[in-house]
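Colleague: Input: one structure, supplied below.
The values are calculated or read from the model by the stated rules, or taken from the named source; none is laboratory data. Remember, it's a predicted structure, so these values are computed and weren't measured experimentally. Here the Cβ positions follow ideal geometry from the backbone for every residue, glycine too, while neighbour counts run over all protein chains shown.
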């Protein structure tokens, strides 16, 4: 099946401020940042561990959308002090964060019998604990305002089994559980937390980190016989960030054929 045409913005995030982690480069995070600007957000802060790519990403979004209120800050989500500094600056620069998109994650391929503690811990620290740190840091701000939205990036590997993915799958399954549990706590304060669970979305980083034949094999098993475009995943994030998902809490939307 041919890829669909790019969907134009419909002002889904008009008047909202958005903070996104891991938004440099060409992956889902950057696409979500671009989509947020195209959907009319009033202010945008993007974060990543790569300073140069981060600034490039901001300039690309400004050029493509005309949004001037774009801010950047380097942040490693494994460092609590950097997480706190990111949230504090985002709150100050944008006069409050309406939407947080937790996109930071780390993968890799390794048989469980060959995996060292350091590799296991690093994947979980970035992907799961990093999501928790960001959520923990932003929630008090949102609770004080009695409003806010958090969108987490999970993965179908939280449900599926795949060789050499035990660490990543465990981390993403944890993100799903974190989403469900934190959503119940947040809902009492008028805050929504949900997640998207992509199967395979092709971008430059993924192409460099996995064999081409494996990517083609995985994509061929999807319902449409292809991998997702990163903007198709970002579209779901925009829906979850918008008022159209006002009655959703703790949900994980699968963006795949759900074939185990």
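Colleague: Looking at (1) surrounded by fewer than 17 Cβ atoms within 10 Å (Cβ to Cβ); (2) more than 28 Å from residue 215 (Cα to Cα); (3) in contact (Cβ under 8 Å) with a residue 40 or more places away in the chain; (4) touching a helix residue (DSSP H, G or I) at 6+ places or on another chain (Cβ under 8 Å), can you tell me which one residue 95 breaks?
Modeller: Every condition holds for residue 95 apart from (4).
Colleague: A follow-up question, please. Find the residue count for the stretch 50-77, including only residues that are under 20 Å from residue 132 (Cβ atoms), under 16 Å from the mean Cα position of the chain (by Cα) and buried (at least 19 other Cβ atoms within 10 Å of the Cβ).
Modeller: The total comes to 2.
Colleague: Looking only at residues in the stretch 144-166 that are over 21 Å from the mean Cα position of the chain (by Cα) and under 29 Å from residue 190 (Cα atoms), which one is surrounded by the most Cβ atoms within 10 Å (Cβ to Cβ)?
Modeller: Top of the filtered list is 145.
Colleague: Still on this structure, please answer the following. Looking at the stretch 98-131, which of its residues are out of contact with any helix residue (DSSP H, G or I) (no Cβ under 6 Å at 6 or more places or on another chain) and either closer than 17 Å to residue 82 by Cβ or part of a helix (DSSP H, G or I) (or both)?
Modeller: 113, 114, 117, 118, 119, 121, 122, 125, 126, 129, 130
Colleague: Quick test of your reading of the structure: residue 232 fulfils all but one of (1) out of contact with any helix residue (DSSP H, G or I) (no Cβ under 7 Å at 6 or more places or on another chain); (2) not in a helix (DSSP H, G or I). Name the failing condition by number.
Modeller: That leaves (2) as the condition not met.
Colleague: Let me ask another. Filter the stretch 1-23 down to residues that are crowded, with 22+ Cβ neighbours inside 10 Å and either in a helix (DSSP H, G or I) or at pLDDT below 95 (or both), then give me how many there are.
Modeller: Summing the residues that are crowded, with 22+ Cβ neighbours inside 10 Å and either in a helix (DSSP H, G or I) or at pLDDT below 95 (or both) in the stretch 1-23 gives 0.
Colleague: Also, I was wondering about something else. Being touching a strand residue (DSSP E or B) at 6+ places or on another chain (Cβ under 8 Å), in a loop (DSSP other than H, G, I, E, B) and either under 22 Å from residue 125 (Cβ atoms) or in contact (Cβ under 8 Å) with a residue 24 or more places away in the chain (or both), is that true of even one residue in the stretch 157-166?
Modeller: yes
Colleague: Condition test on residue 15, is it out of contact with any strand residue (DSSP E or B) (no Cβ under 8 Å at 6 or more places or on another chain) and on the phi > 0 side of the Ramachandran plot?
Modeller: Criteria met by residue 15.
Colleague: If residue 7 meets every condition in (1) farther than 18 Å from residue 125 by Cα; (2) within 16 Å of the chain's Cα centre (by Cα) apart from one, which number is that one?
Modeller: Result: residue 7 passes all but (2).
Colleague: Report, by residue number, each residue of the stretch 24-60 that is farther than 14 Å from residue 98 by Cβ, touching a helix residue (DSSP H, G or I) at 6+ places or on another chain (Cβ under 8 Å) and not in a helix (DSSP H, G or I).
Modeller: Result: 24, 25, 26, 27, 46, 47, 48.
Colleague: Of the conditions (1) within 22 Å of residue 33 (Cα to Cα); (2) touching a helix residue (DSSP H, G or I) at 6+ places or on another chain (Cβ under 6 Å), residue 165 fails just one. Which one is it?
Modeller: The failed condition is (1).
Colleague: Quick one: in the stretch 191-222, of everything that is assigned to a strand (DSSP E or B) and modelled with pLDDT under 80, which residue is surrounded by the fewest Cβ atoms within 10 Å (Cβ to Cβ)?
Modeller: Per the criteria, the residue is 202.
Colleague: Give all pairs with beta carbons closer than 7 Å in which a residue from the stretch 56-83 that is without any contact (Cβ under 8 Å) to a residue 12 or more places away in the chain meets a residue that is in a helix (DSSP H, G or I); count only pairs at least 6 apart in sequence or on separate chains.
Modeller: 68/62
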